Ligand SMILES: [Zn+2]
């Protein structure tokens with residue numbers, strides 16, 4: 001028996017979230033966190049080597065003189081949080097637009113996604129990298145150890161490739177693991193006269209370059225009025241899928257224009273937003289086998305009451321994940337802990353359901369449930385220690401950062 005590199009013991013609650021690595025949690029199983037009271041975890045070579053009760057730890061694991069021992073008395077120990085939908089790389093901010101919205105004024109000048117596209121195109125690689133690193137630091141300190149991140153603020157071949165290239169390099173520059181998604185179809189840039197001609201450009205000119213460089217794992221499209229129609233979304237996602245990129249879709253954020261049907265036709269890994277989903281939409285997502293990624297930070301930030309029907313989706317047996325949708329226009333929030341609070345308050349989810357949604361179900365949404373999302377022997381040691389003794393206090397402490405320690409691949413990367 002080799003000595004463990006790290007052990008965490010005496011956790012008041014160890015949330016293992018076990019038993020859902022092959023299939024995401026649905027229905028009642030979302031409420032089950034696999035809690036071990038007075039729990040312990042051992043880590044060797046970056047992986048979880050043992051999980052159990054603290055009084056069995058030393059009979060099962062060799063704790064040597066070089067083993068780092070963390071006493072988690074009075075604290076919750078849980079898997080690292082997974083943010084499965086972010087728009088990480090961009091320049092500029094959009095507070096003017098937000099303030100106009102708050103005061104009921106019509107925004108003047110450049111607004112919306114295209115204003116961020118202009119700022120992003122003007123920024124250098126090093127400026128974009130510096131901004132993203134600051135945001136990743138904030139995500140990590142609030143417990144996020146893995147994040148999906150999309151391009152989509154470039155909308156030219158040069159700038160989309162640039163953003164995906166930066167996303168690839170960011171993973172090696174700091175601890176948060178990044179899963180890159182190609183979102184060339186985020187908006188129609190000003191140099192095109194409509195979504196139809198830009199859709200052809202994304203498929204014929206942009207996609208082959210992205211594929212050749214091997215810099216994206218997923219592809220995504222913004223299927224919405226004023227962005228891309230259902231037919232265009234279907235064409236883009238089918239073309240991407242044929243090139244080996246797994247599809248996901250922004251759909252039913254403000255209106256139902258057939259995006260859930262597209263999700264079903266391409267068997268999207270995830271269908272994201274769903275604030276305006278209909279009963280037909282629920283049936284489509286169920287048939288698609290997609291994870292429903294809900295982002296209550298968006299209606300919250302937009303002062304809207306149109307929240308996704310999380311209860312209806314869970315009751316229909318659809319696996320639900322939660323994400324920030326971190327972006328400058330509709331949700332500049334980096335904290336999944338806050339999103340978990342919003343899910344309890346605005347979506348009617350229980351703390352246990354919401355925590356399943358930011359761990360194992362989020363891992364499924366990005367195709368990584370075999371390595372992360374739960375605390376089980378053999379998985380990567382991505383672990384968060386919370387400064388509260390009961391998991392229900394994580395969402396209860398609205399906007400509080402309860403993180404004390406963050407461990408990524410067995411290494412302590414945040415020490416509170
Ligand atoms: Zn988004």
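The values are calculated or read from the model by the stated rules, or taken from the named source; none is laboratory data. Bear in mind the structure is a predicted one, so any value in this text is a computation, not a measurement. Positions of Cβ are backbone-derived with ideal geometry, glycine not excepted, and every protein chain shown enters the neighbour counts.
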So, residue 226, is that one surrounded by fewer than 20 Cβ atoms within 10 Å (Cβ to Cβ) and either more than 16 Å from the ligand (Cβ to nearest atom) or not assigned by TED's automatic domain parsing to the domain that holds residue 122 (or both) or not? no
Subset tally (residues that are closer than 28 Å to residue 283 by Cβ, within 16 Å of the ligand (Cβ to nearest atom) and in contact (Cβ under 8 Å) with a residue 40 or more places away in the chain) for the range 308-341: 6
Any chance the range 346-355 includes a residue that's under 24 Å from residue 21 (Cβ atoms), in contact with a helix residue (DSSP H, G or I) (Cβ under 8 Å, 6 or more places away or on another chain) and not assigned by TED's automatic domain parsing to the domain that holds residue 305? no
Looking only at residues that are assigned to a loop (DSSP other than H, G, I, E, B) and touching a strand residue (DSSP E or B) at 6+ places or on another chain (Cβ under 7 Å) in the range 100-143, which one is surrounded by the most Cβ atoms within 10 Å (Cβ to Cβ)? 143
Members of the range 165-201 that are away from the ligand (no atom under 16 Å from the Cβ), assigned to a helix (DSSP H, G or I) and touching a strand residue (DSSP E or B) at 6+ places or on another chain (Cβ under 7 Å): 168, 170, 171, 195, 199
Here is a check on your reading of the model: is residue 237 within 16 Å of the ligand (Cβ to nearest atom), closer than 15 Å to residue 316 by Cα and either surrounded by fewer than 24 Cβ atoms within 10 Å (Cβ to Cβ) or free of Cβ contacts under 8 Å to residues at least 40 places away in the same chain (or both)? no
Regarding residue 302, is this residue surrounded by fewer than 22 Cβ atoms within 10 Å (Cβ to Cβ), within 15 Å of the ligand (Cβ to nearest atom) and under 21 Å from the mean Cα position of the chain (by Cα)? yes
Is at least one residue of the range 81-91 touching a helix residue (DSSP H, G or I) at 6+ places or on another chain (Cβ under 8 Å), part of a loop (DSSP other than H, G, I, E, B), touching a residue at least 24 places away in the same chain (Cβ under 8 Å) and surrounded by fewer than 22 Cβ atoms within 10 Å (Cβ to Cβ)? yes
Can you tell me how many residues within the range 325-357 are more than 21 Å from residue 263 (Cβ to Cβ) and assigned to a loop (DSSP other than H, G, I, E, B)? 9
With criteria (1) surrounded by fewer than 20 Cβ atoms within 10 Å (Cβ to Cβ); (2) touching a residue at least 60 places away in the same chain (Cβ under 8 Å), residue 28 comes up short on (2)
Looking at (1) part of a helix (DSSP H, G or I); (2) touching a helix residue (DSSP H, G or I) at 6+ places or on another chain (Cβ under 7 Å); (3) within 17 Å of residue 271 (Cα to Cα), which is the only condition residue 231 fails? (2)
Failed item in (1) surrounded by 17 or more Cβ atoms within 10 Å (Cβ to Cβ); (2) not in a loop (DSSP other than H, G, I, E, B); (3) not assigned by TED's automatic domain parsing to the domain that holds residue 45, with residue 153 passing the rest: (2)
Criterion first (within 16 Å of the ligand (Cβ to nearest atom) and in contact (Cβ under 8 Å) with a residue 60 or more places away in the chain) does residue 357 satisfy it? no
Going through the range 75-93 in order, the residues found to be touching a strand residue (DSSP E or B) at 6+ places or on another chain (Cβ under 7 Å) and either under 10 Å from residue 13 (Cβ atoms) or within 12 Å of the ligand (Cβ to nearest atom) (or both) are 75, 76, 77, 78, 83, 84, 85, 86, 87, 88
Scan 158, 200, 96, 162 and give me the residue that is under 26 Å from residue 226 (Cα atoms) and crowded, with 16+ Cβ neighbours inside 10 Å. 162
Single condition residue 219 does not satisfy, out of (1) crowded, with 24+ Cβ neighbours inside 10 Å; (2) more than 16 Å from the ligand (Cβ to nearest atom): (2)
Among the candidates 51, 69, single out the residue that is surrounded by 15 or more Cβ atoms within 10 Å (Cβ to Cβ) and in a strand (DSSP E or B). 51
